[in-house]
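The values are calculated or read from the model by the stated rules, or taken from the named source; none is laboratory data. All of these numbers come straight from a predicted model, not from anything done at the bench. Here the Cβ is made from the backbone with ideal geometry for all residues, glycine too, and neighbour counts use every protein chain on show. Ligands, DNA and RNA are excluded from the accessible area calculation, which covers all protein heavy atoms including side chains. Shrake-Rupley method; radii C 1.70, N 1.55, O 1.52, S 1.80 Å.
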Amino acid sequence: VFKSLFWYLLTVIAALMTHALIVLPLILKFVARRDPIAYAKALSPALLTAFSSASSNGTLPLTLACVENRAGVDNRVSSFVLPLGATINMDGTALYEAVAVLFIGQLYHGAVLPLEQQLIVAITALLASIGAAGIPHAGLVMMIVILQAVGLPIEMQGIILAVDRVLDMFRTSVNVWSDSCGCAVVAALEQGSAKPSSVKTT
């Protein structure tokens, strides 16, 4: 069991790091036209707080301050995007829940889940993450819905509790980083749409 948990832990962390260090910086670079490294440095207090507290809602005031004061995003954008993102933009949680349920299914059945059940897990994890609260271990509550959707016993969830706190810290940091990147994208798009028209009026 511990050997399986070790590979599960590595898989989740690798997936979260791929999303946080490759996918989101590419979006920042090519959509928001921001330097990902400089933006990450500006958000570092919020990211470290999210990692230590495992609560995106608890980190929200600091995220707002970092985005506005250190990253230079307009308050009109950040005050709308970040609270909304802290509620519904849980991509780290969605990724974690999908991997966790697939791991539990493989451990329970001794084989990989069929493709149709994998699709159900992916869709249900995405939908369930939208309703997850921004507090520690909220993903475990929503995981019950996914386990029931594919006919897995909910008591199997107890296997992953040994490493859930560590993974909760990582996925919360990814959630906050994603919200901040989304804020930069919206700010860039908003600035682009706010350019004055070249048509002269008489």
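The figures follow:
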read-out	value
Carbon + sulfur, % of accessible area of the chain - ligands and nucleic acids excluded, 1.4 Å	68
Cβ-Cβ FRET estimate between Asn57 and Val23, R0 fixed at 35 Å, reported to 0.05	0.90
Dipole magnitude (debye, nearest 20) for the chain, charges at Cβ of Lys, Arg, Asp, Glu	660
His137-Ala162 pseudo-label distance in nm [points 7 Å out on the Cα-to-Cβ vector]	1.7
Table column - 3J(HN,Hα) (Hz), region 125-139, Karplus curve with 6.51, -1.76, 1.60, x for Gly and Pro	5, 5, 5, 5, 5, 5, x, 6, 6, x, 10, x, 6, 5, x
Point-to-point label distance, Ala65-Lys3, nm (Cα→Cβ direction, 7 Å offset)	4.8
Added length on full extension, which subtracts the Cα-Cα distance from 0.36 nm per residue, Glu190 to Ala14	60.1 nm
Solvent-accessible area per residue, Å², over region 69-202 with all protein chains present [probe radius 1.4 Å]	50
